[in-house]
Amino acid sequence: MTPRAWRKYVPRMRDVAPSLLFCLTLGAAGVYTSPASAEDIYSTLERSGSSTVKDHVRRAQRARDAGRWTEAHAAYKAALDATDPASNTATEKERVEIAGELGLCELELRKYREAAEHLAWSLDQRNILPLQLQVRFEAGQRKAAPHVATLYLSVDPPDAEVLIDGKPISAPARTYRLFLDPGQHMVRARLAGHEEAFASFDAQAGKPTTLSLQVPRAAVPGAPATETSMRRSSAPGAQASSSVAPSSTASKLRIAGAVVAGATMAAGGGLLIWSAYTEDELHDRATALRGADNDASRCAGPSAPRACSELRDLQEKRDLLTKAGWVTLASGGAIGALTLVSLLVDRTSPSSDGVRVVPTVSGQRMGVMMAGVW
C-alpha cells in the first residue's frame, strides 16, 4: 500500500471507530441480559424492594394461569399488602379485585377461612366489580361456605375491644361477621372502666351462630353491696341474685302444678267413667242371673252358681273404681286450687314458704291434708 493510499485509509478508520464502539456496547448489553428470564426479573425487583402493585399482580396472574397456586397466593398477598390507601398506591377497585383473586387462590390451597374472609370483603363492594368477577367470586364463596363457621356478633358498647381465642380482631364495631374454623371458640370483649364479658361456643361448619355480648360497667369502689351484686348479675355467666331466682322457680312450680292438677282431674274423671261402665255390666249380669222369675235368692244358698262369685268380684271392682275416681278428682281439684291461691298470695306478699298438699285415703274416709305457711 502506498503512503498516499494509507493516508486516505486512516481517516476512514477514525470515522468508523465510534460506530464500532456503539455496536460492541450493544453486544455486551445483549450478552448480560439475554439469559435472564421474566421470573428472574420480577424476583430481582421484589428483592430490591422496588416492586409495584402491578408488578405483583402480573406475576400472580402468570402463576395462576400456570396452576402454581402457592406462588400466585404469595404474589396476590404481596400486592394486597402493598395497596396502602393512605399513599394512593392503588385504587379501591384494584384492592377489591386483588382481595377476591387472593381468596380464590386460598380456596385452591384449602385455606377456607381466609378464602371466605377475602371473598366476602370483596363481594361487600360488588358495585365496583365487573360482572364476570362478581360471578367468579360468588362461586368461590359458595365453595368455601360449607367448610367454615360464620359468627354474627353484636357488642355493646360498640367501642369495646373484641378478641377471638385471645387474638384481637378488626377495629371496634357494633356488629361483626366473622368466619371461623369449626370447633370450640372463646369470645371476649373488654373496655376500660368496664368488666370483661366473655362467651364460649361451638362453631359448626356451614352453620351460622348469633351471639350478643354486653360489657357492664365496673363496680365503683365503696358502692353498696346490693348495687354491686345487681351489676354483676348482668354479666354473662354470673349467678342470678336471690330476688330473681325464687320468682322464676315459683313460676315453674305453678306451671307444673296446673299441669298436674289437669292430669289428675282427667284421670279421676276417667276412673269414674270406668266405674259407670262397670255398673252397667254389673246390672246386666245380675238381671241375667235372676232369670225370668226375678229370683234374687239364687246367690244366698250354699249351692249358688259360679256366676254369683263373679258378680261379687265385679261389684268390688265397681266400688274400688268409684272410690279411686273421687279421690283422684278431689286431689286434682285441691292441687289446682292451691296453684291458684299461690298465684294470688305471690301478688300480695313478697315471700312465701309454700304449702304442701297430701291426699289421704283410709277405709272409712278420704280427704286432703294441707300444711305450710300462708
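Filtered by the rule that a residue be assigned to a loop (DSSP other than H, G, I, E, B) and without any contact (Cβ under 8 Å) to a residue 40 or more places away in the chain, region 108-163 gives 110, 111, 124, 125, 129, 130, 158, 159. Could you tell me whether any residue of region 273-285 is within 54 Å of the chain's Cα centre (by Cα), within 30 Å of residue 326 (Cα to Cα), at pLDDT 75 or above and assigned by TED's automatic domain parsing to the domain that holds residue 331? Yes, there is a match, as at least one residue in region 273-285 is within 54 Å of the chain's Cα centre (by Cα), within 30 Å of residue 326 (Cα to Cα), at pLDDT 75 or above and assigned by TED's automatic domain parsing to the domain that holds residue 331. Scanning region 171-200 for residues that are in a strand (DSSP E or B), free of Cβ contacts under 8 Å to residues at least 40 places away in the same chain and under 23 Å from residue 145 (Cβ atoms) yields 175, 176, 178, 183, 184, 185, 187.
Within region 83-142, restricting attention to residues that are among the polar types (S, T, N, Q) and surrounded by fewer than 19 Cβ atoms within 10 Å (Cβ to Cβ), the residue that is modelled with the lowest pLDDT is 89. Within region 205-226, residues that are in a loop (DSSP other than H, G, I, E, B) sit with their Cβ atoms under 8 Å from residues that are modelled with pLDDT under 90 and among the β-branched types (Val, Ile, Thr), at 6+ positions apart or across chains, in these pairs: 219/228. For region 47-55, the condition holds for at least one residue, the condition being that it is at pLDDT 90 or above and charged (D, E, K, R). Being in the same structural domain as residue 52 (by TED's automatic domain parsing) and of a type in the set (A, V, I, L, M) is a property that holds for residue 66.
The values are calculated or read from the model by the stated rules, or taken from the named source; none is laboratory data. Remember, predicted model here, so these are calculated numbers, not experimental data. Don't worry about glycine lacking a Cβ; one is built from the backbone with ideal geometry, like all the others, and counts go over all protein chains shown.
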